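Note sheet for the following structure.
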Amino acid sequence: MQGFPIMLKTNLKLLLRNKGYLAFLVILPILSVILLNINNGDSMFGQDNPTEIKEMSKENDEILNLVNTRLSVKVYDCSNTGASDYIVNELVKTGSFTINRYKSEAFTMNEVREKALYSANHNSIGAIIYIPEHFEEDILEGKESDVVVFEAAQDGRIELLKSNLEAYLQSIYRYAAVADYDKDALSGLLKASGKNQMVKDYVNIEVGDTLNLTTDQKAHSSSMGYSLSFLSIAFLFSGVFIASTVVEERQNRVYNRFVLSTSSIVNYGLVKLLLIFITVILQTGIIALGIKLMVRQDFGISFANFLFLVFCLGLIFNLLSVVIGVVADNILISNYFAFLIWCISCLLAGLYFPLDGASKWLTNASLLMPQRWVVKAAELLMLGKSDVYTTFLLVVASYIILIMSVGMIGLKIRRKD
């Protein structure tokens, strides 16, 4: 171990004097912590309870629905009566539709057609239902009202929506006839029919690799993905600065003099590994301090679990950047590769968008990205599955062994040169 303390001390001094290294060591981890405060709850993932109606305060409120199991439906309720409430509530009780209702003024058919076209082009919805102003009046007069469904997408569930809507309309017509077309009697029958219905209990089950997270858990996973994106670039480029010491030592013949000295190549490699370890510990410590000071909400998993996942990701990416620097023997090329890896890995790992409906090849490709395993481990921990540690540690060990093997081969090649 001769010369080990001197080499370690010298390398640490060089790194801590570098402003770029300090930026990726401190500033970016703090920014990633701030992103944990993002809450995408209802606006991103729709409603957690399928039997609740989302009331829209404005006609053009944005509707984003990523719950693929339920068709997103917008309702223009120009009637705003007990009969229209019955229709909307019966639709949402099926659990097949996400209902977004706007209790609007008396729009005409042509006005709603134009608004439906705009809504379809600017929102993630499958169908728009128009309930006219005179809906209940027509029913009380023994007429069939002209409730209209505008198709906003090509979706087979729209036919189910139409058939359900027709069934509920027929029920109202029958109730009106039984009530002798009296408004108060009809209102009483509609309320009684709702109370006498069977109670539905919705239970989520897991199919294959699909995880059924609640709305809050999906929001936590999303904000964690954004945070991991910043952490990834921080880990990669802090590793690039460590790799720069290897490149500079080779270019300045320091490496050759070291090999000719009494120190061994093992000592040299251990110094670089220890620099990686110290860097990741410092970054994790800064993240821990930032969470305690700046994160005011629960982010899905425990504080210790999050730090453990982050630490493992930091080891992988710092080590990867160092290996790239050793093999490339050029700082500029290392920067390019680090940036390319950051862009591609974050995109394929699904840090910016969910991969629930992605194609099979994209889902498989995402499993090659370390961030994807961090997100999957976090989601499983949210569901209380602590046995994920074994799989995650095996994955981390596999990444480290593979990267170190490539690094050792690169060192030997460079040594021969």
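Quick notes
- The protection proxy used here, the mean number of other Cβ atoms lying within 10 Å of each residue, ranks peptides 392-403, 230-241 as follows, highest first: 230-241, 392-403.
- Relative to the current alpha-carbon distance between residue 118 and residue 170, full extension at 0.36 nm per residue lengthens the span by 15.7 nm.
- Accessible surface area normalised per residue over the range 88-178 is 48 Å², counting heavy atoms of protein chains with a 1.4 Å rolling probe.
- Each other residue within a Cβ distance under 13 Å of residue 25 adds +1 if Lys or Arg and -1 if Asp or Glu, for a net charge of +2.
- Out-of-range pairs (alpha-carbon distance over 31 Å; input 115/360; 191/218; 58/292; 103/162; 58/218; 115/376): 115/360; 191/218; 58/292; 115/376
- Residue 182 versus residue 108: modelled label distance in nm, points set 7 Å from Cα along the beta carbon direction: 3.8
- In this structure the amide hydrogen of residue 97, modeled in the peptide plane, comes within under 5 Å of the amide hydrogens of 71, none closer than 5 places in sequence on its chain.
- Other residues within the sphere of radius under 15 Å centred on the Cβ of residue 160, judged by their own Cβ, net out at -1 (K and R +1, D and E -1).
- Annotation: lysines with alpha-carbon distance below 20 angstrom to residue 412 (same-chain offsets under eight excluded): 272.
- Under-5 Å amide H pairs with residue 148, H placed in peptide plane, nonlocal only: 130
- Each peptide in 278-291, 136-149, 109-122 receives the mean, over its residues, of other Cβ atoms within 10 Å, and ordering these scores from highest gives 278-291, 136-149, 109-122.
- Derived scalar couplings between HN and Hα for the range 268-275 equal 4, x, 5, 4, 5, 5, 5, 4 Hz in order, rounded to whole Hz, by the Karplus curve 6.51 cos²θ - 1.76 cosθ + 1.60 (θ = phi - 60°), x for Gly and Pro.
- Scalar couplings 3J(HN,Hα) for the range 127-142, obtained by applying the Karplus form with A = 6.51, B = -1.76, C = 1.60 to θ = phi - 60°, are 7, 10, 10, 10, 9, x, 4, 8, 4, 5, 4, 4, 5, 5, 9, x Hz; x denotes Gly and Pro.
- The fraction of accessible area contributed by carbon and sulfur in the range 111-174 is 45 percent, rounded to a whole number (1.4 Å probe; ligands and nucleic acids excluded).
The values are calculated or read from the model by the stated rules, or taken from the named source; none is laboratory data. The structure displayed is predicted, hence computed values, not measured ones. Note that each Cβ is placed from the backbone with ideal geometry, even for glycine, and that neighbours are counted across all protein chains shown. What goes into the accessible areas is simple: the full protein's heavy atoms, side chains included, and nothing from ligands, DNA or RNA. Shrake-Rupley method; radii C 1.70, N 1.55, O 1.52, S 1.80 Å.
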